[in-house]
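Report on the structure given below.
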Amino acid sequence: MSAQVKSPRLAIWLGLADNAFTRQKTVKFGDAAAVNSGRFYSVLVVVVLLLAWVVTSALNLIEPFYWPTIQGTWDRFTKLVAEGYRNVPLIDHIGISVYRVLSGVVYGALVGIPIGFAMGLSSVARGFMDPIVEFMRPIPPLALIPLVILWFGIDETAKIFLLFLASLFIMILAARAGVSSVRVSKVHAAYSLGASKLQVLRHVILPNALPEIFTGLRTAMGVCWGTVVAAELVAADQGLGSMIMIAKNFLQTDTVVIGIILIGLIGYTIEMVMRWLERILIPWKGKG
């Protein structure tokens, strides 16, 4: 009896069967809420990639591509865990990179969300900020490194500021899109019930804009993880990006691959945490 109970739960968790909510859907194509987790296929892809790495390593098919063998990469990883890299423990390289990325995203959200709300609610704010936002948004953070060094030097502030710029305009656009997505009928209904502007902002606009803001946060996190290598080019001797760049100079491809894998795994973990927080904090998303 217990086996019969556990088996469907495992199938649901893997995305091979519909849960109680998705089973009630009559139309599934085009309804994002009807898409299950698909974890089985995610696991399958990871297993296939690992098997391909094992096979190509055993047959020596990857040496011409300067890609390390899986055994050599594992040996280097255990050495990094035990001895660190350039007299810095591996956990410190990971920790400083996570700190820089989270700092950049948090500061970008603290500044960008109010600006985005102002642009969505005020013609004056949109008129002032729209040219600046649309001009700066396409510029890659890497192009700003010389200016950042001139402004802030080569200390920690420069690196965090670069990541702040990478997330700022994403958060502005996300907050503005969130405000624009609010149905005007809800605003009219709130005013008709005697709500003030502050109450409309707090109880109508903000809850409706939160899904877009969380999407912006997830996007900003991914962009900042992609920018952390560039940020740590600014005279950094710690961080995963710095580790990758130094290892590249000495042709230590196994260390480069380890850094890339760690950045990907940490970014994926943060994305999973953000999705979990979104389900907990915004249960009304996608439900009108």
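Quick one: H203, H93, fewest Cβ neighbours within 10 Å first, how do they rank? All intermediate terms of the calculation are to be shown ahead of the outcome.
Numbers: H203 13, H93 25.
Ascending number of Cβ neighbours within 10 Å: H203, H93.
Between F40 and I261, what FRET efficiency follows from the Cβ-Cβ distance if R0 is 22 Å, with the result rounded to 0.05? Present the calculation step by step, with values, prior to reporting the outcome.
Details: r = 22 Å, r/R0 = 1.01.
My answer for the efficiency is 0.50.
Quick one: grab the alpha carbon gyration tensor of the chain, order the square roots of its eigenvalues as a ≥ b ≥ c, and give me rounded if a/c is under 1.5, else prolate or oblate depending on whether a/b is larger than b/c. All intermediate terms of the calculation are to be shown ahead of the outcome.
Numbers: a/c = 2.74, a/b = 1.24, b/c = 2.22.
The shape class here is oblate.
Nothing charged except the Cβ atoms of Lys and Arg (+1) and of Asp and Glu (-1): what's the magnitude of the dipole of the chain about its Cα centre? Round to the nearest 20 debye.
On the way: 24 positive and 16 negative charges, 283 e Å.
About 1360 debye.
Please state the relative contact order of the chain as a whole percent: Cα pairs under 8 Å, 6+ residues apart? Numbers along the way, then the final one.
On the way: 297 pairs, mean separation 55.5, N = 288.
Once divided by the residue count of the chain, the mean separation gives 19 percent.
Highest mean first, what order results for 74-85, 209-220 on Cβ atoms within 10 Å? Display every interim value, and only then the final one.
Working: 74-85: 14.6, 209-220: 20.7.
Highest-to-lowest ranking by the protection proxy: 209-220, 74-85.
Among Q252, I113, A158, flag the residue with its Cα farthest along the positive direction of the charge dipole of region 68-281, charges on Cβ as +1 for Lys/Arg and -1 for Asp/Glu.
With unit charges placed on the Cβ atoms, the residue in question is I113.
Are there any helices in the chain, counted as whole DSSP H runs, that stretch 30 Å or more along their axis by Cα and score at least -1.0 on average by Kyte-Doolittle, and if so which? Intermediate values should be presented prior to the final figure.
Numbers: long enough: 90-121 (46 Å, 1.49); 156-180 (36 Å, 1.66); 206-231 (35 Å, 0.92); 253-281 (41 Å, 1.31).
Taking the DSSP H segments of the chain (at least 30 Å long, mean hydropathy at least -1.0), we get 90-121, 156-180, 206-231, 253-281.
Give me the count of lysine pairs in the chain whose alpha carbons sit under 29 angstrom apart, restricted to pairs 8 or more positions apart or on different chains.
Here the count comes out as 16.
Between region 75-135 and region 196-213, what is the C-alpha centre distance in whole Å?
Spelled out, the Cα-based centre of one part sits 25 Å from the other.
FYI, it's all coordinate maths here, none of it is from the lab. Everything quoted here is computed from the prediction, not taken from an experiment. We place every Cβ from the backbone using ideal geometry, glycine too, and count neighbours over all the protein chains shown.
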